[in-house]
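Each remark here refers to the structure printed beneath this line.
The values are calculated or read from the model by the stated rules, or taken from the named source; none is laboratory data. This one's a predicted model, so the numbers in the text were calculated from it and none came from an experiment. Cβ placement follows ideal geometry from the backbone for every residue including glycine, while neighbour counts extend to all protein chains displayed. Note: accessible area is taken over every heavy atom of the protein model, side chains too, but ligands, DNA and RNA are not part of it. Shrake-Rupley method; radii C 1.70, N 1.55, O 1.52, S 1.80 Å.
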Amino acid sequence: MNPLKYNPLKSSFSSEHIHESEVKSFVNEWLRNVNEENLSAIVNMYSRNAILLPTLSSEICVGREEIQRYFVQFLGKEELQGRFTKLYVQILDDTALASGEGVISYRNTRQKNSREVKVDFRFTFAIQKGTEGWHIINHHSSLVP
C-alpha cells in the first residue's frame, strides 16, 4: 500500500483509489435508506464494531446490534424524512470523512394535536473501503446549537 498523500501544511487530501463522488454516493445511499425506512440496509452499512453517537439519543451505540436498536426506535417516527443541506468530503487513503448538516422532519403524534417537528443536525461519518465495499466505522451526529 502506498503511503498517504496528505500534507497537513497544504490541507490537501487525495487517494489513488477513492474518489469524492463514491463517498458522496455512499452517504446519500444511507440517507435514502433512512427515508425509505430500510432498517436492514442501514444496519448493514455499518461495520460490525462501528460506533454511533446518534442525534436524538444520549446513548452511544457500539456494534450493529446496538445500532439496530437505535434505528428501530428512530425509524418508528411518523412521516420521517431527512435531507442534507451541506456535505463535505475528506479522503485519507482507504478512509474518508463525510461531514455536513441536514434536517430531519417527522410528525410528533404523542401530543394531542400532532405536529411536524424539524430537527437541524450536523454529522460526521468515518467510512472505510475494504474488500466488501464501504462501511461506516464511526458516525457522530448532533443537534445544531
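Of everything in segment 46-64 that is of a type in the set (V, I, T) and closer than 14 Å to I136 by Cβ, the residue that is least open to solvent (accessible area, probe 1.4 Å) is I51.
Please verify whether segment 93-112 includes one or more residues that are over 19 Å from L52 (Cα atoms), among the basic types (K, R) and at pLDDT 95 or above. There is no residue in segment 93-112 that is over 19 Å from L52 (Cα atoms), among the basic types (K, R) and at pLDDT 95 or above. Do you know which residues across segment 132-145 are open to solvent by less than 20 Å² (accessible area, probe 1.4 Å) and small (G, A, S)? Correct list: S141 only. Considering K129, K118, which residue is basic (K, R) and either surrounded by 14 or more Cβ atoms within 10 Å (Cβ to Cβ) or in a loop (DSSP other than H, G, I, E, B) (or both)? On inspection, the qualifying residue turns out to be K129. Just one of (1) out of contact with any helix residue (DSSP H, G or I) (no Cβ under 9 Å at 6 or more places or on another chain); (2) assigned to a loop (DSSP other than H, G, I, E, B); (3) touching a residue at least 12 places away in the same chain (Cβ under 8 Å) trips up F26, so point out which. Answer for F26: the failing condition is (2). Residue pairs whose Cβ atoms lie under 8 Å apart, sitting 6 or more positions apart in sequence or on different chains, and linking a residue in segment 126-138 that is on the phi < 0 side of the Ramachandran plot to a partner that is surrounded by fewer than 17 Cβ atoms within 10 Å (Cβ to Cβ) and part of a loop (DSSP other than H, G, I, E, B), are Q128/D94; K129/H17; K129/D94; G130/D94. Restricting I18, I42, I67 to residues that are in contact with a Cys (Cβ under 8 Å, 6 or more places away or on another chain), over 19 Å from D120 (Cα atoms) and open to solvent by less than 60 Å² (accessible area, probe 1.4 Å) narrows the list to I67. I'm trying to understand the selection: among the residues of segment 48-91, which are among the hydroxyl-bearing types (S, T, Y) and touching a helix residue (DSSP H, G or I) at 6+ places or on another chain (Cβ under 8 Å)? Of everything in segment 48-91, just one residue is among the hydroxyl-bearing types (S, T, Y) and touching a helix residue (DSSP H, G or I) at 6+ places or on another chain (Cβ under 8 Å), namely S57.
Please verify whether L52 is over 21 Å from E20 (Cβ atoms), touching a residue at least 60 places away in the same chain (Cβ under 8 Å) and in contact with an Asp or Glu (Cβ under 9 Å, 6 or more places away or on another chain), treating the condition exactly as stated. The answer is yes for L52.
Counting the residues of segment 88-106 that are within 15 Å of F26 (Cβ to Cβ), open to solvent by 40 Å² or more (accessible area, probe 1.4 Å) and under 12 Å from the mean Cα position of the chain (by Cα) gives 1.
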